[in-house]
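Report on the following structure.
Values in this text are rule-based calculations from the coordinates and carry no lab data. Keep in mind it's a predicted model, so treat the numbers as computed, not measured. With ideal geometry, Cβ positions are generated from the backbone for all residues, glycine too; neighbour counts draw on all protein chains shown.
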Amino acid sequence: MNPGTAGGLLLIGGAYALWRGNLLWSVGLYFFADVMWVILAYQAGDYFGVFAISLGMLFGLLVWFKSHRGEFVKDLHKDKS
């Protein structure tokens with residue numbers, strides 16, 4: 001399986017996790033999809049793309065850590081009380 005296919009499947013998994021309301025899993029799957037896109041950009045010789053994707057990954061990790069610490073809401077489901 002090439003990195004493009006793996007990245008696409010990980011994006012589908014991340015979107016599904018977000019649809020189910022699980023933000024932490026979604027961000028994690030999107031992060032690993034981004035790893036695949038970095039591999040593709042590097043193979044194509046697009047070093048600015050590697051930098052831009054890596055910067056996006058850094059911000060994604062910061063969101064994940066803030067959410068994991070409880071500064072963001074971890075579950076997107078509304079309370080029905």
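In Å and on Cα atoms, what radius of gyration and Dmax does the chain show?
Gyration radius and largest Cα-Cα distance of the chain: 14.4, 54 Å.
Using a 10 Å cut-off around each Cβ, can you sort I53, I12, I39 from fewest to most neighbouring Cβ atoms?
Ranking I53, I12, I39 by Cβ neighbours within 10 Å, fewest first, gives I12, I39, I53.
Rank H68, P3, M36 by how far each Cα sits towards the positive end of the charge dipole of the chain (+1 on Lys, Arg Cβ; -1 on Asp, Glu Cβ) and give me just the farthest.
Checking the options against the dipole of the chain, the answer is H68.
Would you mind working out the magnitude of the charge dipole of the chain relative to its Cα centre, with +1 at each Lys and Arg C-beta and -1 at each Asp and Glu C-beta, to the nearest 20 Debye?
Its charge dipole is roughly 320 debye.
H68 to Y42: FRET efficiency via 1/(1 + (r/R0)^6), r the Cβ-Cβ distance, R0 30 Å, to the nearest 0.05? Before the final figure, lay out each step's value.
Numbers: r = 28 Å, r/R0 = 0.95.
Rounded to the nearest 0.05, the efficiency is 0.60.
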